[in-house]
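*Asks:* Handing you a structure now.
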Ligand SMILES: [Zn+2]
């Protein structure tokens, strides 16, 4: 069955940087997977703490590991679009951007039966063109509030310290389970999730 898409208004297509600050709620976002080395470890940690997260999946990884994509969805997490090849969208034509986004949404729909409603530009680098294409494909743009730069492997304690120092009610926290060695990210999640829970935070996967 062909997915039904609803084009978004200009207001709906504006990037979201944080959530309602009046609630002690944090959104965990996990980018660049799925990866058979790290995604199962992240899923186990989230399950252990009863946390729902949003996974921004790269199409060319998702097509290699459909079983992981289905497992993420089956466990109640949000499946979101992070392009097909993780390019810098800022210098690409509208047609090329559309291909990156549409192909990924179609694959995720085919794999899980769900059409993604959230999109994140690689590196957070959206452009007027990518905002227009995402809106046309019914994808809202999610940015982030807290960036521990875990992809650069700064050390597990650096990731933990940055998250715990910067997190506020309504924060969107950026993490990575793909794109390289993510063992520091897994170790950091293992350490900082219980601290956030103990300090009264709840977790959400933002609905669209
Ligand atoms: Zn990314």
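*Asks:* Scan the stretch 114-135 residue by residue and report those that are touching a helix residue (DSSP H, G or I) at 6+ places or on another chain (Cβ under 8 Å) and away from the ligand (no atom under 16 Å from the Cβ).
*Replies:* Hits for the stretch 114-135 are 114, 115, 129, 132, 133.
*Asks:* Can you say whether residue 34 is at negative phi, modelled with pLDDT of 95 or more, within 16 Å of the ligand (Cβ to nearest atom) and under 16 Å from the mean Cα position of the chain (by Cα), as far as the supplied structure shows?
*Replies:* In short, yes.
*Asks:* Give the residue that is nearest to residue 179 (Cα to Cα), with candidates limited to residues of the stretch 146-158 that are surrounded by 19 or more Cβ atoms within 10 Å (Cβ to Cβ) and within 16 Å of the ligand (Cβ to nearest atom).
*Replies:* 151
*Asks:* With respect to residue 102, is the statement that it is away from the ligand (no atom under 16 Å from the Cβ), surrounded by fewer than 17 Cβ atoms within 10 Å (Cβ to Cβ) and farther than 30 Å from residue 194 by Cβ true?
*Replies:* It is false that residue 102 is away from the ligand (no atom under 16 Å from the Cβ), surrounded by fewer than 17 Cβ atoms within 10 Å (Cβ to Cβ) and farther than 30 Å from residue 194 by Cβ.
*Asks:* Shifting gears a bit: Please count how many residues of the stretch 71-88 are surrounded by fewer than 16 Cβ atoms within 10 Å (Cβ to Cβ) and within 15 Å of residue 105 (Cα to Cα).
*Replies:* 1
*Asks:* What pairs come up if the first residue lies in the stretch 83-106 and is over 17 Å from residue 125 (Cβ atoms), the second is within 14 Å of the ligand (Cβ to nearest atom), and their beta carbons are under 6 Å apart, counting only those six or more places apart or on different chains?
*Replies:* Taking only residues 6 or more apart or on different chains, the pairs are 103/59; 103/84; 105/81.
*Asks:* Within the stretch 15-45, can you find the residues that are touching a helix residue (DSSP H, G or I) at 6+ places or on another chain (Cβ under 8 Å) and in a loop (DSSP other than H, G, I, E, B)?
*Replies:* 15, 32, 33, 34, 35, 36, 38
*Asks:* Conditions: (1) part of a loop (DSSP other than H, G, I, E, B); (2) in contact (Cβ under 8 Å) with a residue 12 or more places away in the chain. Residue 11 meets all but one. Number of the miss?
*Replies:* (2)
*Asks:* Looking at residue 143, is it under 17 Å from the mean Cα position of the chain (by Cα), within 15 Å of the ligand (Cβ to nearest atom), free of Cβ contacts under 8 Å to residues at least 60 places away in the same chain and buried (at least 16 other Cβ atoms within 10 Å of the Cβ)?
*Replies:* no
The values are calculated or read from the model by the stated rules, or taken from the named source; none is laboratory data. Given the structure is predicted, the values throughout are model-derived calculations rather than measurements. In this analysis, Cβ positions are derived from the backbone assuming ideal geometry, glycine residues included, and neighbour counts consider all displayed protein chains.
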